[in-house]
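Notes to accompany the following structure.
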Amino acid sequence: MPRPTAAQLAYGSATVIVSTIAMLLLSQTSTGLGVAVISAAALALGLLVALTVPVPKRRGRHAARTGGAATPASSPAGAAQDARVPEPRTASAEHPVHH
């Protein structure tokens, strides 16, 4: 199972805190069972929000290998799209030397 990102943790935690406070204030419950049900619902909602936060796509050598090789250029639009694929960079182009 992959580790959660900082955005997932932040959104999930904020959802749990805000939804718990809102539901407790709106329901005006004072029993232990009511607080437990509201807490469980807030945790479930926070987990749902954390899991639905979009995860950024990884960029690197693996993404560059699988990029344009799978789609053939059978139409002029496909050929134009293949023409826009950037060339691989060298190490000197990625890390300029500052003097």
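The values are calculated or read from the model by the stated rules, or taken from the named source; none is laboratory data. Everything numeric here is computed off the predicted structure, so don't read it as measured data. Note: ideal-geometry Cβ built from the backbone for every residue, glycine included; neighbour counts use all protein chains shown. Quick note on the areas: whole protein, heavy atoms, side chains included, nothing else; ligands and nucleic acids left out. Shrake-Rupley method; radii C 1.70, N 1.55, O 1.52, S 1.80 Å.
Can you list residue pairs whose Cβ atoms sit under 7 Å apart, with the first residue in the range 38-56 being within 18 Å of Thr5 (Cα to Cα) and the second being open to solvent by less than 60 Å² (accessible area, probe 1.4 Å) and assigned to a loop (DSSP other than H, G, I, E, B)? Count only pairs 6 or more apart in sequence or on different chains.
Every condition considered, the pairs that remain are Val55/Thr5.
Conditions tested, residue by residue: (1) at pLDDT below 65; (2) open to solvent by 80 Å² or more (accessible area, probe 1.4 Å); (3) part of a helix (DSSP H, G or I).
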{"residue": "Pro2", "(1), (2), (3)": "no, yes, no"}
{"residue": "Ser19", "(1), (2), (3)": "no, no, yes"}
{"residue": "Gly34", "(1), (2), (3)": "no, no, yes"}
{"residue": "Ala40", "(1), (2), (3)": "no, no, yes"}
{"residue": "Leu43", "(1), (2), (3)": "no, yes, yes"}
{"residue": "Thr71", "(1), (2), (3)": "yes, yes, no"}
{"residue": "Glu87", "(1), (2), (3)": "no, yes, no"}
